[in-house]
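Visitor: One structure is given below, represented as structure tokens, and several questions about it will come after.
The values are calculated or read from the model by the stated rules, or taken from the named source; none is laboratory data. Just so we're clear, the structure is a prediction, and the values are computed from it rather than from any experiment. Don't worry about glycine lacking a Cβ; one is built from the backbone with ideal geometry, like all the others, and counts go over all protein chains shown. Ligands, DNA and RNA are excluded from the accessible area calculation, which covers all protein heavy atoms including side chains. Shrake-Rupley method; radii C 1.70, N 1.55, O 1.52, S 1.80 Å.
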Amino acid sequence: MLIHSQNNELTLNESVEFNGIGIHSGKEVSIKCKPQSEGGIVFTRTDLKNALIEVHPEHINGSNRASILTKNNHSIYTPEHLLSALSGLNIDHLSIEINSPEVPILDGSSKNFIEMFLKVGTKKLSSFKKILKLEKTISLNEEDSWIRLSPTKKNKSRIQYELSYPNHFIKTQIYDIVLDKESYCEEIAPARTYGFKHEIDALIKQGLAKGGSLDNAVVIGETDYLNKLRFEDECVRHKILDLIGDFSILGFPILADIEAYKSGHSLNLKMVKEIYKLLQI
């Protein structure tokens with residue numbers, strides 16, 4: 001059920017810019033995040049005659065190691081870390097000008113986005129937030145992965161994620177968080193994307209991960225991590241970061257208890273589309 005909260009919608013106080021490389025393309029890319037008072041989160045491809053791609057469930061176009069949004073054959077790749085940061089700070093409306101199909105990876109987390117957004121601050125709009133308050137349990141599974149959303153009586157969402165690599169030194173990582181601005185910024189935003197060295201080598205052979213490095217990803221070897229961790233359980237925290245970014249495509253916050261087991265972008269996005277479909281009934 002969609003409800004109107006007592007909280008005003010938010011946008012940024014002023015525009016901010018980011019420059020970096022796409023983790024898969026390896027190409028330089030610039031984005032400019034500009035305040036707007038309505039319209040949700042919208043990407044503008046300045047390299048394609050200002051083609052607009054709204055962040056919306058109808059524009060989900062699958063996943064390949066990242067989320068993909070497509071409208072009129074124009075796409076945005078890897079938006080999830082940026083979207084996660086916007087969701088973590090409860091930002092509802094923003095225009096994002098981008099001169100490439102891929103959002104820059106920066107340090108592989110949402111930390112750089114969060115720091116800049118906090119620096120310029122947010123401003124309240126006259127409109128009030130809509131929140132999806134879950135009234136029944138929804139679950140989806142994909143092979144041995146699953147997501148379950150359940151109603152909650154609390155006024156904050158909770159996420160519990162379990163990561164499992166039983167035949168690897170990582171073993172099992174479980175993280176449980178009651179989500180608000182402070183917990184997101186401190187516990188989730190700094191967690192970087194990760195990959196296994198043998199998988200990264202294979203991706204490079206496929207022409208992907210051209211921009212990946214030890215500066216923007218946790219690289220996992222056979223017996224240890226190849227770079228220093230920010231958290232002992234950084235991998236599972238990043239999975240929560242991705243889930244928050246993917247779920248934000250729905251267009252409004254979800255008030256629920258969220259449990260996930262080995263879920264990735266594919267299952268996250270299937271859940272977003274399932275929730276959106278239920279809202280249309």
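Visitor: Could you check how much of the accessible area of the chain is carbon and sulfur, as a whole percent, using a 1.4 Å probe? If you can, show how the numbers build up before the last one.
Guide: Details: 6370 of 13550 Å².
So the carbon and sulfur contribution to the accessible surface is 47 percent.
Visitor: Let me ask you something else. Alpha carbon centre of region 170-222 versus region 131-150: separation in Å?
Guide: What the calculation gives is 24 Å, centre to centre.
Visitor: On to the next question. Lys273: which lysines have alpha carbons under 26 Å from its alpha carbon, excluding same-chain residues fewer than 8 sequence positions away?
Guide: Within the straight-line cut-off, Lys273 pairs with Lys71, Lys129, Lys130, Lys133, Lys136, Lys153, Lys154, Lys156, Lys181, Lys239, Lys262.
Visitor: Next question. Could you check which residue among Glu186, Glu259, Glu102 shows the biggest mean-square fluctuation in a GNM of the chain with a 10 Å Cα cutoff?
Guide: Maximum among the listed residues: Glu186.
Visitor: Right, here's the next one. Among Cys33, Ala191, Leu52, which residue has its Cα positioned farthest towards the positive end of the charge dipole of the chain, with +1 placed on the Cβ of Lys and Arg, -1 on the Cβ of Asp and Glu, and the dipole taken about the Cα centre?
Guide: My answer, from the dipole projection, is Leu52.
Visitor: When the helices in the chain are scored as -39500 (n - 2.57) per DSSP H run of 4 or longer and the sum is shared across all residues, what 222 nm value do you end up with, to the nearest 500 deg cm²/dmol?
Guide: Values: 5 runs with 58 residues, N = 281.
Result for the chain, helices only: -6500 deg cm²/dmol.
Visitor: A follow-up question, please. How much length would be gained if the chain were fully extended between Met116 and Asn227, taking 0.36 nm per residue of separation minus their Cα-Cα distance, in nm to one decimal? Before the final figure, lay out the partial values.
Guide: Numbers: separation 111, 0.36 × 111 = 39.96 nm, distance 2.50 nm.
So the chain would gain 37.5 nm between Met116 and Asn227.
Visitor: Rolling a 1.4 angstrom probe over the protein heavy atoms, how many square angstrom per residue are accessible across the chain?
Guide: On the way: 13550 Å² over 281 residues.
Value returned for the chain: 48 Å² of accessible area per residue.
Visitor: Where nothing but the Cβ of Lys and Arg (+1) and of Asp and Glu (-1) is charged, how large is the charge dipole of the chain around its Cα centre, in debye to the nearest 20? Don't skip to the end; give the middle numbers.
Guide: Working: 34 positive and 37 negative charges, 125 e Å.
It works out to roughly 600 debye.
Visitor: Label points 7 Å out from Cα along the Cβ direction at His4 and Asp215: separation in nm?
Guide: According to this spin-label approximation, the distance is 4.9 nm.
Visitor: Let me ask you something else. What are the radius of gyration and Dmax of region 137-201, computed over its Cα atoms and given in Å?
Guide: In order Rg, Dmax, the Cα atoms of region 137-201 give 14.9, 46 Å.
Visitor: At Glu199 and Gln160, where each label point lies 7 Å from the Cα along Cα→Cβ, what is the point-to-point distance in nanometres?
Guide: Here the modelled spin labels are 2.4 nm apart.
Visitor: With an 8 Å Cα cut-off and a minimum separation of 6 or more residues, compute the relative contact order for the chain in percent. Walk me through the numbers before you get to the answer.
Guide: Values: 634 pairs, mean separation 73.0, N = 281.
It rounds to 26 percent for the chain.
Visitor: If I take R0 = 25 Å and measure r between the Cβ atoms of Glu58 and Ser127 in this structure, what FRET efficiency does the formula 1/(1 + (r/R0)^6) give, to the nearest 0.05?
Guide: Working: r = 22 Å, r/R0 = 0.87.
Efficiency, from the Cβ-Cβ distance: 0.70.
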